[in-house]
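A.B. asks: I have a structure I would like to understand better, so I am pasting it below and will then ask my questions one at a time.
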Amino acid sequence: MRVKEENTYRNILKGISLFGSVQVLQILINVTRGKFVAYLLGPSGMGVSSLFASSSLTLQRFSSLGLNLAIVKEVAAASDDRRNLATILSVARRLITFTAVLAALVCVVFSHWLSILTFGDPSMQWQFMLLGIAVGLSVAYTGHLSVLQGFHDVKNISRASLVGGVTGLVAGVPLYYLFGTRGIVPAMIILAATLFIFYRRVLTRPQYSMEREPFSWSRHRPIIKRLLLMGMLLMSNDLLQSLSQYLINIYINSTGSTDAVGLYQAANSVTAQYAGIVFAVMAMDYFPRLSKSVGDNDEMRDVVNRQFIVTALIIGPSSGLLIISSPFLIRVLLSPEFLPVTELMRWMGLGIMFRALMTPLGYISFAKGNKKLFFWMEGVGCNLLTLSLSCGFFHFFGLTGLGYSLVADNALCLIIYYIVNRKLYSFRFSRQSMMMMAMAVIATSSVFLASFIPTTTGYAVMTAILIISGIYSLTRLRRLALI
């Protein structure tokens with residue numbers, strides 16, 4: 001009964017609106033912070049900041065052993081069984097501590113080589129040693145975040161996002177002003193420490209306190225093994241995805257130019273920031289609810305269809321807005337010299353719509369614990385498809401061809417995911433889901449096609465379609481909120 005109550009349209013929309021609005025605020029804060037970084041540190045300082053950030057993220061990703069989503073799944077599935085939940089939390093706490101210490105030690109021990117690899121000389125060794133503190137705390141707080149995700153505590157996760165954004169702005173800007181590039185790592189430490197303290201305090205509240213079970217490596221071996229296997233599976237998927245993107249960049253550089261790589265990555269970054277709101281909400285809100293329902297295929301089908309309907313109603317106008325506002329976003333987030341990627345970004349806007357429709361189906365195999373299927377379908381199959389389509393379309397159509405490939409890739413994956421889930425788990429789209437998907441495709445495609453109409457006429461047509469689509473979606477969402 002509790003699972004059904006959590007998956008009413010009203011609760012789904014409540015989670016999306018709460019976390020989505022916070023994500024928008026966080027993006028605005030990050031844009032403001034980015035402007036300060038550009039002004040105070042200049043291009044070279046921004047480069048140093050980017051290198052430290054990417055180094056930290058890479059170390060976090062591999063040192064965490066991919067456990068985060070695995071912890072979400074286990075906590076969500078066990079949330080109605082306090083005895084089993086106590087066991088899961090005991091194991092999760094120990095693994096989080098272990099991976100956090102591992103991350104910090106790796107950064108400190110290899111600081112000399114990380115400095116040479118990243119900056120070409122050992123001059124930043126002490127900075128990397130300090131970065132170990134930030135990396136360790138980051139792995140720890142993301143582990144605690146995973147526990148809260150499993151409990152579906154959207155409110156505190158949203159608060160933490162705001163705390164992180166404000167801390168990054170308030171602590172970072174004065175440090176950049178006073179110390180220049182030497183203030184980058186201390187700012188990262190303050191941010192990681194603030195979020196770590198926040199999540200620790202939340203997890204000490206009564207609703208999360210339960211009788212602690214003594215930890216034993218031998219007794220808890222089955223759970224540890226299950227978590228590590230799922231984590232390593234996710235990490236291998238991330239690695240294959242990174243490798244696929246790396247090979248695409250190499251191919252563009254070798255058959256095109258370095259400028260083409262830069263333009264492609266610029267379009268990618270803007271699109272990712274915009275669409276990241278939708279996908280972050282799904283990871284935070286939808287996946288824990290799905291994990292609770294996977295024991296019953298009928299209940300799971302209801303959870304997925306409800307999420308699909310809401311996603312389709314949101315992504316139609318959202319993708320249309322991305323298509324129409326591409327030139328504006330390029331000017332604000334990048335600079336006018338990147339305006340040649342406008343057409344590519346519009347194709348990406350169309351592709352993002354298919355990706356959003358695909359994502360609710362993509363989570364099913366992992367939530368079900370079908371590790372082999374998830375690895376071969378998500379890790380190997382989809383990344384091979386992305387690599388081959390991207391290289392092929394770029395070869396024949398140039399930079400805009402990468403937009404064609406994104407549309408084809410996500411549309412094909414949507415079909416593949418549906419066929420596989422239908423065969424294995426008896427999943428069916430409801431009639432309402434099919435109708436909402438058709439409306440999202442029609443609305444986004446209409447705005448996209450209108451973008452080819454020259455001058456102000458095209459913008460007038462796009463705006464009219466977007467307004468109609470937005471009113472329709474808002475009306476439907478308001479009705480669903482009453483169900």
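The values are calculated or read from the model by the stated rules, or taken from the named source; none is laboratory data. As the structure is a prediction and not an experimental result, all values here were calculated from the model. FYI the Cβ positions are ideal-geometry reconstructions off the backbone, even for glycines, and counts take in every protein chain you see.
A.B. asks: Please give the number of the condition MET348 fails out of (1) more than 17 Å from PHE452 (Cα to Cα); (2) surrounded by 16 or more Cβ atoms within 10 Å (Cβ to Cβ).
C.D. replies: With respect to (1) more than 17 Å from PHE452 (Cα to Cα); (2) surrounded by 16 or more Cβ atoms within 10 Å (Cβ to Cβ), MET348 is out only on (1).
A.B. asks: Further, regarding this structure: Name the single residue that is surrounded by the most Cβ atoms within 10 Å (Cβ to Cβ) among those in the stretch 230-259 being of a type in the set (A, V, I, L, M, F, W, C), in contact (Cβ under 8 Å) with a residue 12 or more places away in the chain and out of contact with any Gly (no Cβ under 9 Å at 6 or more places or on another chain). Break it down into steps so the answer makes sense when it comes.
C.D. replies: Applying the first criterion (of a type in the set (A, V, I, L, M, F, W, C)) to the stretch 230-259 yields 230, 232-235, 239-240, 243, 247-248, 250, 252.
Subset that is in contact (Cβ under 8 Å) with a residue 12 or more places away in the chain: 230, 232-235, 240, 243, 247-248, 252.
Within this subset, residues satisfying the condition of being out of contact with any Gly (no Cβ under 9 Å at 6 or more places or on another chain) are 243, 247-248, 252.
Details: LEU243: 12, LEU247: 15, ILE248: 20, ILE252: 25.
Ranking the candidates gives ILE252 first.
A.B. asks: Condition first: in the same structural domain as SER405 (by TED's automatic domain parsing), over 25 Å from GLU74 (Cα atoms) and in a helix (DSSP H, G or I). Can you find one or more residues in the stretch 274-289 that meet it?
C.D. replies: Within the stretch 274-289 (the criterion being in the same structural domain as SER405 (by TED's automatic domain parsing), over 25 Å from GLU74 (Cα atoms) and in a helix (DSSP H, G or I)), the answer is yes, since at least one residue qualifies.
A.B. asks: Just a yes or no: is a residue in the stretch 308-316 in contact (Cβ under 8 Å) with a residue 12 or more places away in the chain, more than 20 Å from LEU474 (Cβ to Cβ), buried (at least 23 other Cβ atoms within 10 Å of the Cβ) and touching a helix residue (DSSP H, G or I) at 6+ places or on another chain (Cβ under 9 Å)? Before the answer, list the steps.
C.D. replies: Step one: filter the stretch 308-316 for residues in contact (Cβ under 8 Å) with a residue 12 or more places away in the chain, giving 308-316.
From what's left, more than 20 Å from LEU474 (Cβ to Cβ): none.
No, there is no match, as no residue in the stretch 308-316 is in contact (Cβ under 8 Å) with a residue 12 or more places away in the chain, more than 20 Å from LEU474 (Cβ to Cβ), buried (at least 23 other Cβ atoms within 10 Å of the Cβ) and touching a helix residue (DSSP H, G or I) at 6+ places or on another chain (Cβ under 9 Å).
A.B. asks: Looking at SER242 and the list (1) small (Gly, Ala, Ser); (2) modelled with pLDDT of 80 or more; (3) assigned by TED's automatic domain parsing to the domain that holds PHE375, which single condition is not satisfied?
C.D. replies: Single failed check for SER242: (2).
A.B. asks: Can you go through VAL147, VAL101, VAL72 and tell me which one is under 17 Å from LEU228 (Cα atoms) and surrounded by fewer than 17 Cβ atoms within 10 Å (Cβ to Cβ)? Before the answer, list the steps.
C.D. replies: Values: VAL147 fails: surrounded by fewer than 17 Cβ atoms within 10 Å (Cβ to Cβ); VAL72 fails: surrounded by fewer than 17 Cβ atoms within 10 Å (Cβ to Cβ).
Criteria check complete, one pass: VAL101.
A.B. asks: Residues that are among the β-branched types (Val, Ile, Thr): which helices (runs of 4 or more DSSP H) entirely in the stretch 333-449 hold 3 or more of them?
C.D. replies: On the way: elements: 342-362, 364-367, 371-374, 382-397, 401-425.
Ranges flagged: 342-362, 401-425.
A.B. asks: Next question, about the same structure. Restrict the check to the stretch 452-465 and report whether at least one residue is within 30 Å of TYR9 (Cβ to Cβ) and free of Cβ contacts under 8 Å to residues at least 60 places away in the same chain. Walk me through how you get there before you give the answer.
C.D. replies: Just the residues of the stretch 452-465 that are within 30 Å of TYR9 (Cβ to Cβ), to begin with: 462-465.
From what is left, the residues that are free of Cβ contacts under 8 Å to residues at least 60 places away in the same chain are 464.
Looking for residues that are within 30 Å of TYR9 (Cβ to Cβ) and free of Cβ contacts under 8 Å to residues at least 60 places away in the same chain, one finds at least one in the stretch 452-465, hence yes.
One line per residue, one yes/no per condition, for (1) at pLDDT 80 or above; (2) over 18 Å from the mean Cα position of the chain (by Cα); (3) among the polar types (S, T, N, Q):
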residue: MET284; (1), (2), (3): no, no, no
residue: GLU299; (1), (2), (3): yes, yes, no
residue: ASP302; (1), (2), (3): yes, yes, no
residue: GLN307; (1), (2), (3): yes, no, yes
residue: ILE314; (1), (2), (3): yes, no, no
residue: PRO317; (1), (2), (3): yes, yes, no
residue: ILE323; (1), (2), (3): yes, yes, no
residue: LEU329; (1), (2), (3): yes, yes, no
residue: LEU334; (1), (2), (3): no, yes, no
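A.B. asks: Go through the stretch 260-297 and report how many residues are buried (at least 19 other Cβ atoms within 10 Å of the Cβ), out of contact with any Ser or Thr (no Cβ under 7 Å at 6 or more places or on another chain) and aliphatic (A, V, I, L, M).
C.D. replies: Residues meeting the conditions: 10.
A.B. asks: Quick one: which helices (runs of 4 or more DSSP H) sit completely within the stretch 62-122 and have at least 2 residues that are of a type outside the set (Gly, Ala, Ser) and more than 19 Å from HIS144 (Cα to Cα)? Please lay out each step first, then the result.
C.D. replies: Numbers: elements: 67-78, 82-109, 111-119.
Once the helices (runs of 4 or more DSSP H) in the stretch 62-122 are filtered for at least 2 residues that are of a type outside the set (Gly, Ala, Ser) and more than 19 Å from HIS144 (Cα to Cα), what remains is 82-109, 111-119.
A.B. asks: Please work out which one of (1) within 21 Å of LEU57 (Cβ to Cβ); (2) over 20 Å from the mean Cα position of the chain (by Cα); (3) at pLDDT below 85 is the condition GLY180 fails and give its number.
C.D. replies: So the condition that GLY180 fails would be (1).
A.B. asks: Sticking with this structure for a sec: Are there any pairs with C-beta distances below 6 angstrom linking a residue in the stretch 29-58 that is closer than 20 Å to ALA103 by Cα and at pLDDT 70 or above to a residue that is assigned to a helix (DSSP H, G or I) and among the polar types (S, T, N, Q), with the two at least 6 apart or on different chains, and if so which?
C.D. replies: Pairs found: LEU51/THR118; SER55/THR118.
A.B. asks: Moving on. Being at pLDDT below 85, part of a helix (DSSP H, G or I) and either assigned by TED's automatic domain parsing to the domain that holds THR58 or within 30 Å of ILE71 (Cα to Cα) (or both): is that true of TYR141 here?
C.D. replies: Working: at pLDDT below 85: no; part of a helix (DSSP H, G or I): yes; either assigned by TED's automatic domain parsing to the domain that holds THR58 or within 30 Å of ILE71 (Cα to Cα) (or both): yes.
No; evaluated as a whole, the condition is false for this residue.
A.B. asks: To continue, here is another question. Please find, within the stretch 371-428, the residue that is surrounded by the most Cβ atoms within 10 Å (Cβ to Cβ) out of those that are in contact (Cβ under 8 Å) with a residue 24 or more places away in the chain and charged (D, E, K, R).
C.D. replies: Here the answer is ASP409.
A.B. asks: Tally the residues that are within 18 Å of the chain's Cα centre (by Cα) and on the phi < 0 side of the Ramachandran plot, restricting the search to the stretch 118-153.
C.D. replies: Of the residues in the stretch 118-153, the ones within 18 Å of the chain's Cα centre (by Cα) are 138-139, 141-150, 152-153.
Add one more test, that the residue is on the phi < 0 side of the Ramachandran plot, and what stays is 138-139, 141-150, 153.
Count: 13.
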